Amino acid sequence: MIIKKLMLSILLGMAFLFAPQYGFCVSGNPVLQVDPVTITDDNVTLTSSHFDKSVRMSSAADHVASLPSVGVSEDGARIRIIKIGAGKVTIDAADTDIIDDSGAGDTIYNDTAETYAICDLEYIHAITTWVTVSTGTWTTTD
């Protein structure tokens, strides 16, 4: 019985180490951890304090989320933009950074009347590009 409990503890510990998106609540059951959320109905200038967080832009009006200036030390930084409502949300790259296949320093946007649209961005320094995975219709500019 002691060996079974020890093995279970080791396996749970390994699962925690190799799956950091999971934590454990008091009962010991795994729980999916949720990114902290910033909620705004206005334009937002993102900073490094927004890395690994979600920014929810909820409004019928048009708004811009300006990405921070990034470099080698921000390699792997992630930001999630969530658009809720009919308003257009534009994500603006800083400096000469690229978002997906847009041009240097250009934008991507969602202006469709969807219930929601999500754009996950990860910065890859080797190609100075914010790579995206998204739901909804996001259009790149050039």
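Okay, here's what the table says:
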{"read-out": "Residue match in the stretch 91-98 (condition: touching an Asp or Glu at 6+ places or on another chain (Cβ under 9 Å) and more than 17 Å from Thr38 (Cβ to Cβ))", "value": "yes"}
{"read-out": "Residues that are within 16 Å of the chain's Cα centre (by Cα) and β-branched (Val, Ile, Thr), drawn from the stretch 108-123", "value": "Ile108, Ile118"}
{"read-out": "Residue check, Ser54 hydroxyl-bearing (Ser, Thr, Tyr) and in a strand (DSSP E or B)", "value": "yes"}
{"read-out": "Options Ser59, Ser66, Ser27; residue that is in contact with an Asp or Glu (Cβ under 6 Å, 6 or more places away or on another chain), at pLDDT below 95 and among the polar types (S, T, N, Q)", "value": "Ser59"}
{"read-out": "Residue identified as out of contact with any helix residue (DSSP H, G or I) (no Cβ under 8 Å at 6 or more places or on another chain), part of a helix (DSSP H, G or I) and loosely packed, with under 14 Cβ neighbours inside 10 Å among Ala104, Ala126", "value": "Ala126"}
{"read-out": "So Asp142, is it out of contact with any Phe, Trp or Tyr (no Cβ under 7 Å at 6 or more places or on another chain), at pLDDT below 90 and of a type outside the set (Gly, Ala, Ser)", "value": "yes"}
{"read-out": "Matching residues in the stretch 36-84 - criterion: being among the acidic types (Asp, Glu) and on the phi < 0 side of the Ramachandran plot", "value": "Asp41, Asp42, Asp62, Glu74, Asp75"}
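The values are calculated or read from the model by the stated rules, or taken from the named source; none is laboratory data. All values reported here derive from a predicted model rather than from experimental measurement. We place every Cβ from the backbone using ideal geometry, glycine too, and count neighbours over all the protein chains shown.
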